[in-house]
Amino acid sequence: MNKREGLIERAHRRLRTSMAAGALYDLTFALVNLAAPQAGSWFLEIPLPEQQVYLRLTGLFLLVLALVYMLPVIHPGEYLGNVVVAIVARTAGAIFLIAAALWFAQPVAFLALGVVDLIFALLHFVFLWQATGGDPLRPYTG
């Protein structure tokens, strides 16, 4: 294995690690939203919505998202499109949560959650960029 191949392999490992960590993060919130929303509300100091069914629905959504994020972890070098989806979804989530906290008087915990999403998006992007030799769309453009 030459130096370039070694760097690409290391980037793939880092990408799998960051995707697995992101999936675990989402899975944690999924389980809290589904099974113990009162505990999550207390810990994050976010009031529970009157209609908790919507909070629990977001838990189901996060569970599915965590499973989608695990595909590139389970099948290294494949499902790289899921990484692109993760980057876009986490960036959009970060913008939404940060804006909610800064401009719409929502709890400060949303700011922290948004920053974490942004960090995951940046890690996924950097590692995908490195793993594909600077061309993250290469697997799809030939």
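Any read-out appearing in this document is the output of simple, stated calculations on the displayed coordinates, not a laboratory observation. Since the structure is predicted, the reported quantities are computational estimates derived from the model, not experimental observations. Heads up, the Cβs are rebuilt from the backbone with ideal geometry, glycines too, and the neighbour counts pull from every protein chain shown.
What to note about this one:
- A simple packing score, the average count of other Cβ atoms within 10 Å per residue, orders the peptides 15-25, 68-78 as 15-25, 68-78, with the highest score first.
- Tilt relative to the chain, helix 3-35 - C-alpha long axis, 0 to 90 degrees, to 10: 20 degrees
- Counting only DSSP H runs of at least 4 residues, each contributing -39500 (n - 2.57), and dividing by the residue count of the chain, the helix-based mean residue ellipticity at 222 nm comes to -27500 deg cm²/dmol.
- Take every pair of alpha-carbon atoms less than 8 Å apart whose residues are at least six positions apart; their mean separation over the length of the stretch 3-135 yields a relative contact order of 33 percent.
- Folded to 0 to 90 degrees: helix 109-131 orientation relative to the chain principal axis, Cα: 10 degrees
- A value for log10 I(q)/I(0) by the Debye sum over Cα atoms at q = 0.14, 0.20 Å⁻¹ was derived from the coordinates, and within the list (i) -0.69, -1.42; (ii) -0.64, -1.28; (iii) -0.69, -1.16 it appears as (iii).
- Farthest toward positive dipole pole in the chain [+1 Lys/Arg, -1 Asp/Glu at C-beta], among Ala101, Pro76, Ala121: Pro76
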